[in-house]
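The values are calculated or read from the model by the stated rules, or taken from the named source; none is laboratory data. Treat the numbers as computed from the prediction; the structure is a model and nothing was measured. Cβ atoms come from the backbone with ideal geometry, glycine included; neighbour counts cover every protein chain shown. Calculation scope for accessible area: heavy atoms of the full protein, side chains included, ligands and nucleic acids excluded. Shrake-Rupley method; radii C 1.70, N 1.55, O 1.52, S 1.80 Å.
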Amino acid sequence: MSIDIKPHAYDPVAHPELFEGVLSRRVVAFIIDFVIVAVPIVLAAMFIFAFGIVTLGLAWALYWLLPPASVIWAIAYFGLTLGGPSSATIGMRTMDLEMRTWYGAPAYFVLGAVHTIAFWFSVSALTPFILLVAFFNERRRLLHDIVLGTVVINNEQRAAVLRMSAVRAG
């Protein structure tokens with residue numbers, strides 16, 4: 001039985017435009033995605049509260065559904081968007097980012113869902129300081145990116161613009 005080991009598809013030395021400004025734009029993308037995930041949860045909580053008033057408090061028993069529904073919603077959102085054709089969440093698309101496997105393949109639903117779970121577990125268990133890992137590797141990958149074999153890069157349009165501006169400047 002042979003094992004096919006694929007080389008890294010994205011070299012930061014040969015193609016620095018793929019990694020330029022990714023970390024800062026990744027933070028903004030996270031905030032956008034966090035708002036997108038949080039708004040339906042807050043609306044559901046407000047609906048349960050209002051429905052509880054109408055039912056004299058009976059509907060407030062539905063609050064127990066909110067935590068598991070929140071987890072399911074977040075995993076579905078990240079799995080579907082990262083597993084979509086652009087391999088990017090809405091926040092990542094807004095910031096011209098995409099997620100790929102280390103060998104260049106687009107992301108898929110399970111990878112997007114597991115990526116989300118790994119992020120939340122790593123930040124929860126190892127404190128947010130674990131995000132500092134990105135400053136100590138050339139591809140600016142976070143710990144959960146390294147564990148799962150993913151890399152976040154600029155999409156092709158942004159990389160082309162950065163490539164052209166580097167040619168003009170140099």
Residues of the range 76-100 being surrounded by 18 or more Cβ atoms within 10 Å (Cβ to Cβ), assigned to a helix (DSSP H, G or I) and not hydroxyl-bearing (Ser, Thr, Tyr), which ones? PHE78, GLY79, LEU82, GLY91, MET92
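Can you confirm whether the range 45-68 contains a residue that is touching a Ser or Thr at 6+ places or on another chain (Cβ under 8 Å) and farther than 24 Å from HIS15 by Cβ?
Checking the range 45-68: not a single residue is touching a Ser or Thr at 6+ places or on another chain (Cβ under 8 Å) and farther than 24 Å from HIS15 by Cβ.
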If you check ASP33, ASP11, which single one turns out to be of a type in the set (Asp, Glu), surrounded by 14 or more Cβ atoms within 10 Å (Cβ to Cβ) and touching a helix residue (DSSP H, G or I) at 6+ places or on another chain (Cβ under 9 Å)? ASP33
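Condition test on LEU18, is it modelled with pLDDT of 95 or more, in contact with a helix residue (DSSP H, G or I) (Cβ under 7 Å, 6 or more places away or on another chain) and either over 22 Å from TRP102 (Cβ atoms) or of a type outside the set (Val, Ile, Thr) (or both)?
Working: modelled with pLDDT of 95 or more: no; in contact with a helix residue (DSSP H, G or I) (Cβ under 7 Å, 6 or more places away or on another chain): yes; either over 22 Å from TRP102 (Cβ atoms) or of a type outside the set (Val, Ile, Thr) (or both): yes.
When the stated conditions are applied, LEU18 does not pass them.
Can you name every residue in the range 36-62 that is in contact with a Gly (Cβ under 9 Å, 6 or more places away or on another chain) and open to solvent by less than 80 Å² (accessible area, probe 1.4 Å)? Show your work before the answer.
Of the residues in the range 36-62, the ones in contact with a Gly (Cβ under 9 Å, 6 or more places away or on another chain) are 36, 58-62.
ILE36, ALA59, ALA61, LEU62, listed by residue number.
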If we keep only residues of the range 14-30 that are in contact with a Phe, Trp or Tyr (Cβ under 9 Å, 6 or more places away or on another chain) and of a type in the set (A, V, I, L, M), then the residue least open to solvent (accessible area, probe 1.4 Å) is LEU18
Mind checking which pairs have a first residue in the range 123-150 that is at pLDDT below 90 and a second that is among the small types (Gly, Ala, Ser) and surrounded by 13 or more Cβ atoms within 10 Å (Cβ to Cβ), Cβ under 8 Å, 6 or more apart or different chains? ILE130/SER122; ARG140/ALA134
State all residues of the range 142-170 that are closer than 25 Å to ALA105 by Cα, among the charged types (D, E, K, R) and open to solvent by 30 Å² or more (accessible area, probe 1.4 Å); if no residue qualifies, say none. GLU156, ARG158, ARG163
Please go through the range 101-119 and give me each residue that is surrounded by 14 or more Cβ atoms within 10 Å (Cβ to Cβ) and assigned to a helix (DSSP H, G or I), ordered by number. PHE109, LEU111, GLY112, ALA113, VAL114, HIS115, THR116, ILE117, ALA118, PHE119
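Would you please name the residue that is farthest from GLY84 (Cα to Cα), looking only at residues in the range 136-155 that are in a helix (DSSP H, G or I) and within 18 Å of the chain's Cα centre (by Cα)?
Pass one, the range 136-155, residues in a helix (DSSP H, G or I): 136, 143-148.
Those still in the list that are within 18 Å of the chain's Cα centre (by Cα) too: 143-148.
Working: LEU143: 23, HIS144: 20, ASP145: 18, ILE146: 21, VAL147: 21, LEU148: 18 Å.
Looking at the filtered set, the residue picked out is LEU143.
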